[in-house]
Amino acid sequence: GVRGGALPFRMQQGPWEALKALARKEGLTPFMVLLAALDVVLAHESGQHDVAVGTPVAGRNRREVEGLIGFFVNTVVMRTDLSGNPTLRELLGRVRKTCVEAYAQLDIPLEQIVAALQPGREAGQTPFYRVSFNFQNAPLSEVHIPGLVLRPIVMESGLAKLDLSLQLTEGAEGLTGLWEYSTDLYEERTVRRWMEGFERVVRALVEKPEQRVGEVEWMG
């Protein structure tokens, strides 16, 4: 990794419940809505309409590996097309389609795709994506053993594996997480602006789904 910073993030229970209600109404998962919001921020910031985000998925979709101990995680690249200035509702449909198609290919390791396509890349850079998003809706809970209580804690390593990584976890108090970023590339105030913009996009998705992506006021 490279030198990195991290900003803590929290979405209160009210907005988080509204997001989940939107997901149910539109036939999506909360992950898909959150990914759509991140896509809007990345598209606005980069000026690009083809946005790729890497996300880790548990490679236990076959019964024979469900009970095995080991590291069965694959990275899936969620590539979203934001061309044509779609409405936010249309964007949600595109993200859903992208995710469903990606989930159908979970058995293909990213390393195998890289070997087959051999994309040009800079040394130390991950091919196909520079931003990752990880959402956990089954957070680790306290573990009680005689005389000891173990609690999960968030640790900042001071390193960044990618240009930007968003890690979110659903808990009793809403949605919490970290925005991790490369300090060689971004200043803290820049990432803070993205983080605040992300919440505005979520609000727009819930309140104004017919608004077009290019009209979303994501900066304060």
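Just so it is clear, none of the values below were taken in a lab; they were calculated from the coordinates. Since this is a predicted model, take the numbers as computed values, not measurements. All Cβ positions, glycine included, derive from the backbone under ideal geometry; neighbour counts span all protein chains shown.
Note that the stretch 89-99 has calculated 3J(HN,Hα) couplings of 5, 5, 4, 4, x, 5, 5, 4, 4, 4, 5 Hz, one per residue in order, obtained from phi through the Karplus relation 6.51 cos²θ - 1.76 cosθ + 1.60 (θ = phi - 60°); glycine and proline are x.
Simple spin-label estimate for THR29 and ALA172 gives 2.5 nm between the two label positions (7 Å along the Cα-to-Cβ direction from each Cα). Local charge for TRP194 was computed over the other residues whose Cβ lies under 13 Å away, with Lys and Arg +1 and Asp and Glu -1, and equals -4. Evaluating 6.51 cos²θ - 1.76 cosθ + 1.60 at θ = phi - 60° for every residue in the stretch 40-57, the Karplus couplings come out as 4, 4, 5, 5, 4, 6, 8, x, 9, 10, 10, 10, 10, 10, x, 9, x, 10 Hz, glycine and proline recorded as x.
Under the rule a/c < 1.5 gives rounded, and otherwise a/b versus b/c splits prolate from oblate, where does the stretch 5-45 land using the Cα gyration tensor? Verdict is oblate for the stretch 5-45.
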